[in-house]
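To keep things clear, I will list the structure first and then write my remarks on it.
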Amino acid sequence: MTRSMMVKLAALALILALACVPAGAAVSGNLEIFSWWAGDEGPALEALIAKYEATYPAARVINSTVTGGAGVNAKAVLKTRMLGGDPPDTFQVHAGQELIGTWVVAGRMEDLTFLYEEEGWMNVFPAGLLKLLSTDEGIWSVPVNIHRSNVLWYVPENLNKWGVKVPATWQEFLEIAPTLQAKGVVPLSLGENWTATHLWECVAVAAMGPEKWDQLWAGKLSWKSPEVIEAWKLFGEVIKYTNADAPSLSWQQATDMVVQGQAAFNVMGDWAAGYMATTLKLEPGVGFGWAASPGTNGVFVMLSDSFGLPVGCPNRENAIAWLKMLGSREAQDIFNPLKGSISARIDSDMSLYNKYLQSAAADWRTNVIAGSLAHGVVANERFMNDFATVMEIFLQTGNAEAAANAAEAVAIQSGVITR
Amino acid sequence: MRFRLKRDELYAVLVILPSILLLAVFVYGFIAQTFRVSLTDWGQTAALSLQPEINYVGLSNYADLFGGFLNIRFRQDLTNMVMFTVLFVGLSLATGLVLASLVDNLIWGETVLRTVFLYPMSLSFVVTGTVWRWLLQPRGGINLLPTLVGLRAGQFLWLSSRDQQLTFDWALLPHYAVVALLALAAVMAGAAVLRRRRRQAAAWGAAAAMAAAVVATGLSRRWQLLPYSEAHGFSTALWGVVLAAVWQMSGYTMALYLAGLRTVPDELREAAYVDGASRLQIYRHVELPMLMPITVSAIVILGHIALKIFDLIFAMAGPDHAPTSVPAITMFLKTFRGNQLAVGAAIGTILLVIVSLLIVPYVVTQYRGDGGGRA
């Protein structure tokens with residue numbers, strides 16, 4: 001190393017140090033973070049808070065967590081607070097329409113495009129993700145993680161024992177399902193209502209392909225079109241091979257059925273990998289195996305937790321400092337291995353992640369990205385709420401046309417179609 | 001003397017004033033506000049902005065709930081609520097009465113048993129719901145009980161069943177109402193004839209004839225609430241919820257009945273005994289009739305709990321399980337998840353009206369019974 005290079009490096013270090021110190025000193029006072037992360041997800045959030053407080057020693061984080069109901073309870077509290085004019089500094093929200101359809105259209109969020117440009121995030125987040133986070137008016141939140149929705153889980157050893165292969169399409173699944181049933185094995189385990197919606201989106205993306213799926217949410221494809229009715233019919237065929245006690249089971253219990261050998265397959269988001277690897281102590285690839293859900297190879301149906309900047313929050317500067325940190329490569333690589341998800345950035349350090357997450361991250365960089373319905377990416381909250389009723393109509397009657405008609409009506413009423 | 005009385009009254013008014021003001025704002029003011037919201041369309045896009053666009057739409061939220069295509073869930077909710085209320089109140093009363101009668105005749109151990117039966121009431125519905133959710137798992141819990149004695153495990157699906165019994169067509173509800181009126185009028189007319197009350201018999205007979213004419217001409221079948229038929233009925237899945245609720249509240253009805261049994265004067269029992277009545281006859285003809293006021297109070301207390309039930313079902317079956325859903329759950333989801341605040345307010349108002357139908361007559365008769373209070 002030459003002397004001049006040494007000098008340059010020293011100068012760089014000095015500049016960096018100078019740049020960092022005032023930034024750290026400027027942020028002081030409180031930062032209130034609102035989320036529904038507790039329990040298994042608590043430690044991941046704690047790690048982020050620890051990093052924030054280490055970077056800005058003068059700042060104090062108030063961690064407001066409202067647990068329960070997969071976020072339903074937290075959202076109810078958040079809405080009451082926002083309506084009452086008491087927004088937190090930043091809050092957890094599913095990226096995409098769940099944020100846009102409720103808070104952005106209401107004019108309650110600040111456009112974060114400036115942050116994306118300052119931090120150079122336009123190039124490190126995939127374009128497909130940015131599209132889902134944005135409207136024509138701006139970019140609305142910073143994603144901290146990426147989960148994959150369309151994953152099929154199984155136990156490799158059990159499949160060998162039963163003599164079946166991982167189905168690449170739903171047709172293949174429907175062919176092997178009777179064989180499994182004859183052996184007293186539930187071909188596909190399912191849980192309560194929302195897991196049925198989750199399965200439906202995986203079946204629908206397979207049946208119509210990611211382009212048509214996008215058109216559906218852009219209002220360019222009718223819910224009564226043959227493609228959608230086909231998707232409902234295929235879904236109807238698939239759920240014939242699920243367990244009868246599905247509504248009583250949580251998603252963990254549905255996963256347990258696969259792990260315990262009562263069921264052959266389960267479709268669930270990749271938080272199931274976290275559950276099996278961390279809670280059940282199974283080794284990825286040996287204790288459990290995975291594949292893209294049938295018919296969706298090459299498609300990454302994503303969902304993401306993100307944080308935004310509410311208009312009129314009490315500590316705006318602190319919130320911006322928090323968001324800047326969330327988008328950084330380092331913070332994402334602290335949070336995600338603990339949460340069991342992957343970094344939203346395409347430059348993350350893969351060595352920090354387990355085997356499943358590495359494979360997901362590899363897919364994230366190459367696959368076509370589609371947004372999840374069950375987890376708030378493609379549809380607003382009103383649509384999602386009423387879609388639960390559509391799902392109940394279908395589960396009760398098994399009538400694809402009735403479900404399609406009801407979904408069309410919901411899409412019109414909730415503004416998905418005229419958007 | 002007169003001055004002092006006035007000062008007493010002044011004190012009384014001053015003491016009551018804060019609670020009157022608080023009630024006026026936080027109960028009656030909010031009821032009025034909820035009703036006002038229910039007449040609007042609050043819940044369109046941008047429902048949660050600082051200045052949301054809210055338009056007056058009259059009663060269309062209500063019309064939509066009872067006759068709109070997508071509100072099939074609300075109508076099943078109402079059906080579930082009625083079925084649950086009837087079963088829960090009926091079974092709680094029966095269980096409580098049996099327990100009280102048994103405990104009352106015990107020679108020892110009464111205090112212990114009373115505490116044991118009353119304990120479930122000290123739990124919150126969320127705790128009860130969570131525990132029973134586990135107990136009613138189709139693959140575990142009480143379905144495994146038969147295996148203890150070597151039998152096959154039970155297969156009943158409890159909360160997850162989608163079966164419906166006693167199905168009826170929502171569109172034909174007016175028709176059912178006319179038929180019910182016909183039956184009632186016929187019975188009343190018959191009773192009046194037997195009692196030789198001619199005028200009453202004629203009036204009820206005329207009502208029955210009119211109802212029969214409406215049914216016979218097919219008119220009542222044309223007054224349809226919906227342009228298509230829509231089946232609703234008793235969801236088998238409700239049994240699990242009823243079981244948990246009865247488990248929790250029957251100890252309470254037992255305590256009520258036990259207190260009632262204690263108020264039956266011993267002289268009455270002794271008089272009946274002297275007249276040669278058996279223990280069973282005393283129970284049937286002396287004690288039970290004297291428990292009537294307790295039964296009425298218990299029906300009102302349990303009834304309004306049942307009509308407003310939310311937490312138990314939310315904990316047992318989750319938010320989106322239509323076979324066990326009730327209006328209170330849909331109200332919560334529509335308001336806080338779907339952002340349709342006006343629709344939520346309309347459901348809230350409907351619930352308030354239904355509960356008032358149960359409570360107001362009770363309060364009025366109680367008030368009259370006291371001779372109209374101070375006057």
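The values are calculated or read from the model by the stated rules, or taken from the named source; none is laboratory data. The structure displayed is predicted, hence computed values, not measured ones. Every residue, glycine as well, gets a Cβ built from its backbone with ideal geometry; the counts of neighbours run over all protein chains shown. Side chains included, ligands, DNA and RNA excluded: accessible areas come from the protein's heavy atoms. Shrake-Rupley method; radii C 1.70, N 1.55, O 1.52, S 1.80 Å.
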TODO: With a Förster radius of 51 Å, plug the Cβ-Cβ distance of B:VAL116 and A:GLU118 into 1/(1 + (r/R0)^6) and report the FRET value to the nearest 0.05.
DONE: 0.15
Task: Relative intensity, log₁₀ I(q)/I(0), of the protein assembly as shown from a Debye sum that treats every alpha carbon as a point, q = 0.11 Å⁻¹ - done: -1.35
Task: Accessible area (Å², 1.4 Å probe, nearest 10) - B:PHE156 - done: 80
Task: Note, ³J(HN,Hα) from phi for region A:242-254, Karplus 6.51, -1.76, 1.60, rounded to Hz, x at Gly and Pro - done: 9, 6, 6, 8, 3, x, 8, 9, 7, 5, 5, 5, 5
Open item on the list: For peptide A:71-81, what's the mean number of Cβ atoms from other chains within 10 Å of each residue's Cβ?
Closed with: 3
Task: Accessible-area value, B:ILE299, 1.4 Å probe, nucleic acids and ligands omitted, Å² - done: 70
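Antiparallel DSSP bridges in chain A: what percent, to the nearest 5?
Antiparallel bridges: around 50 percent, rounded to the nearest 5.
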Task: Across A:LYS281/A:LYS339; A:LYS165/A:LYS233; A:LYS212/B:LYS334; A:LYS165/A:LYS212; A:LYS79/A:LYS212, pairs whose alpha-carbon gap is larger than 26 Å - done: A:LYS212/B:LYS334; A:LYS165/A:LYS212; A:LYS79/A:LYS212
Open item on the list: If amide hydrogens are placed 1.01 Å from N in the peptide plane, which non-local residues have theirs closer than 5 Å to the one on A:ALA370?
Closed with: A:PHE300, A:VAL301, A:MET302
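Tell me which trypsin sites (Lys or Arg not before Pro) from region A:96-205 have a DSSP coil assignment and no more than 14 other beta carbons within 10 Å of their own. Mind showing how you got there, number by number?
Details: sites: A:ARG108, A:LYS131, A:ARG148, A:LYS161, A:LYS165, A:LYS183; in loops: A:ARG108, A:LYS165, A:LYS183.
Of the trypsin sites (Lys or Arg not before Pro), the ones in loops of region A:96-205 whose Cβ has at most 14 other Cβ atoms within 10 Å are A:LYS165, A:LYS183.
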- [ ] Per residue of region A:333-339, in order, report the coupling 6.51 cos²θ - 1.76 cosθ + 1.60 (Karplus, θ = phi - 60°) as ³J(HN,Hα) in whole Hz, putting x for Gly and Pro.
- [x] 7, 7, 6, 5, x, 6, 6
Open item on the list: Connecting C-alpha atoms closer than 10 Å in a GNM of chain A, tell me which of A:ILE369, A:ILE146, A:ILE49 has the biggest fluctuation.
Closed with: A:ILE49
Task: Diffusion constant of region B:168-222 at 4 °C, which comes from Stokes-Einstein with the Kirkwood Cα-pair radius and 1.567 mPa s, µm²/s - done: 112
Task: Simple label model, 7 Å out from Cα along Cβ direction - A:ILE346 to A:LYS161, nm - done: 4.2
Open item on the list: With a cut-off of 8 Å between alpha carbons and a minimum separation of six or more residues, what is the relative contact order of region A:252-323 in percent?
Closed with: 16
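If you take each beta carbon of peptide B:44-56 and count the beta carbons of other chains within 10 angstrom, what is the mean?
Mean partner shielding for this stretch: 5.
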TODO: Could you pull out every residue, at least 5 positions away or on a different chain, whose amide H is within less than 5 Å of the one on A:PHE265? Hs are placed 1.01 Å off N in the peptide plane, and Pro or chain starts have none.
DONE: A:LEU188, A:SER189
Task: HN-Hα J in Hz across region B:254-263 - Karplus 6.51, -1.76, 1.60, θ = phi - 60°, x for Gly and Pro - done: 4, 4, 4, 5, 4, 4, x, 4, 5, 7
TODO: Keeping all protein chains in position, work out how much accessible area A:MET109 exposes to a 1.4 Å probe, and write it in Å² to the nearest 10.
DONE: 10
- [ ] Please express the shape of chain B as an equivalent ellipsoid: the semi-axes are the square roots of 5 times the eigenvalues of the C-alpha gyration tensor, given largest first in whole angstrom.
- [x] 37, 32, 30
Task: region A:152-251: relative contact order as a whole-number percent, Cα under 8 Å and 6+ apart - done: 37
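Do you know the relative contact order of chain B, to the nearest whole percent, from alpha carbon pairs under 8 angstrom that are 6+ apart?
Dividing the mean separation by the residue count of chain B yields 28 percent.
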Open item on the list: Rolling a 1.4 Å sphere over the protein heavy atoms, what is the accessible area per residue of chain A, to the nearest Å²?
Closed with: 38
- [ ] Place a +1 charge on the Cβ of each Lys and Arg in the protein assembly as shown and a -1 charge on the Cβ of each Asp and Glu, then give the dipole magnitude about the Cα centre in debye, rounded to the nearest 20.
- [x] 2300
Open item on the list: Quick check: convex hull of the Cα atoms in chain A, volume per residue, rounded to a whole Å³?
Closed with: 147
Open item on the list: Taking R0 as 60 Å, what FRET efficiency do you get between B:ALA209 and B:TRP134 from their Cβ-Cβ distance, rounded to the nearest 0.05?
Closed with: 0.60
